[in-house]
Amino acid sequence: RSLAAALDGALSRAKDGGAEVTLQLLFLDGEEAFGEWSRSDSLYGARHLAARMGAAPHGPHGTQLSAMDLLVLLDLLGAPHPSIHSHFPNTHHWFLRLVAIEQRLRRRGLLQAAPQDPPFFRLSPAPGPVEDDHVPFLQRGVPVLHLIPTPFPGVWHTLGDTEDNLDPGTVQDLARILLTFVAEFLHL
């Protein structure tokens, strides 16, 4: 079951009750460079969408972009045993919510990961910055929670980078953690 389908009923009830609740799922493409990766030759879809949202009116004084409370970027997720770190101080408190949710779900036996497996969400510092689809939004002042495993999965950008490398248990666990996070974030 998808995240959107799981949240649909709760979002509808919140809207019916007068809450100003929205959840947008953005699917970005055109990340790769045609030649050498640079600011002008990469992130095509994200740059285009951030520019459009930054120019699109929303409410009496803002834009679609200024109305965004948080951009959660999910990238390269699904391989077994991901190591996901916090990347930005201004969204670290949201990362700590993910840590707490994962711990709570593990304690209750609601995740498939074995108790001795390392956590997905790690409190150790991120190994370094990652240039990804969040950058055009971050440059325009949108708070970003970047959820990407570092190091990247070993099959990334190889001929072996197929759906066969997705770990169903990890995918299900991350979906359950993220569903809980979104429900809590939206006060559902």
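What number of residues in segment 65-77 are crowded, with 17+ Cβ neighbours inside 10 Å and either assigned to a loop (DSSP other than H, G, I, E, B) or of a type in the set (Gly, Ala, Ser) (or both)? Don't jump to the end; show me each part of the working.
Taking segment 65-77 and keeping what is crowded, with 17+ Cβ neighbours inside 10 Å, we get 65, 68, 71-73, 76-77.
Narrowing further to those that are either assigned to a loop (DSSP other than H, G, I, E, B) or of a type in the set (Gly, Ala, Ser) (or both): 65, 68, 76-77.
Selection size over segment 65-77: 4.
Does residue 179 satisfy the criteria of being modelled with pLDDT under 95, within 30 Å of residue 16 (Cβ to Cβ) and not in a loop (DSSP other than H, G, I, E, B)?
Yes.
Find the residue count for segment 138-183, including only residues that are exposed (fewer than 13 other Cβ atoms within 10 Å of the Cβ) and charged (D, E, K, R).
Qualifying residue count, segment 138-183: 2.
Please go through segment 133-163 and pick out each residue that is within 16 Å of residue 43 (Cα to Cα) and of a type in the set (Phe, Trp, Tyr).
Of everything in segment 133-163, just one residue is within 16 Å of residue 43 (Cα to Cα) and of a type in the set (Phe, Trp, Tyr), namely 137.
Within the set of pairs 6+ apart or on separate chains, which have a first residue in segment 45-59 that is assigned to a strand (DSSP E or B), a second that is of a type in the set (Val, Ile, Thr), and C-beta atoms under 7 Å apart?
Listed pairs, sorted by first residue: 57/63.
Could you grab me the full set of residues in segment 101-139 that are charged (D, E, K, R) and more than 18 Å from the chain's Cα centre (by Cα)?
104, 106, 107, 108, 117 - these are the residues of segment 101-139 that are charged (D, E, K, R) and more than 18 Å from the chain's Cα centre (by Cα).
Go through segment 108-132 residue by residue and tally those that are in contact with a helix residue (DSSP H, G or I) (Cβ under 8 Å, 6 or more places away or on another chain), at pLDDT 90 or above and either closer than 19 Å to residue 45 by Cα or part of a loop (DSSP other than H, G, I, E, B) (or both).
Total meeting the criteria: 7.
Does residue 84 fit the bill of being over 29 Å from residue 157 (Cα atoms), β-branched (Val, Ile, Thr), under 19 Å from the mean Cα position of the chain (by Cα) and surrounded by 13 or more Cβ atoms within 10 Å (Cβ to Cβ)?
The answer is no for residue 84.
Assess whether residue 97 counts as being closer than 26 Å to residue 5 by Cα, among the charged types (D, E, K, R) and touching a residue at least 24 places away in the same chain (Cβ under 8 Å).
On the way: closer than 26 Å to residue 5 by Cα: yes; among the charged types (D, E, K, R): yes; touching a residue at least 24 places away in the same chain (Cβ under 8 Å): yes.
Criteria met by residue 97.
Does any residue of segment 87-100 turn out to be in contact with a strand residue (DSSP E or B) (Cβ under 8 Å, 6 or more places away or on another chain), surrounded by fewer than 17 Cβ atoms within 10 Å (Cβ to Cβ) and of a type in the set (Phe, Trp, Tyr)?
Yes - at least one qualifying residue is present in segment 87-100.
Any chance segment 29-37 includes a residue that's in contact with a helix residue (DSSP H, G or I) (Cβ under 8 Å, 6 or more places away or on another chain), acidic (Asp, Glu) and at pLDDT below 75?
yes
Only one of these conditions is not met by residue 87: (1) closer than 22 Å to residue 137 by Cβ; (2) not in a loop (DSSP other than H, G, I, E, B). Which number is it?
(2)
Please enumerate the residues belonging to segment 169-180 that are over 12 Å from residue 6 (Cβ atoms) and under 13 Å from the mean Cα position of the chain (by Cα).
Within segment 169-180, 174, 177 qualify.
The values are calculated or read from the model by the stated rules, or taken from the named source; none is laboratory data. No experiment lies behind these values; they were computed from the predicted model shown. Ideal geometry is used to build each Cβ from the backbone, glycine not excepted, and the neighbour counts take in all protein chains shown.
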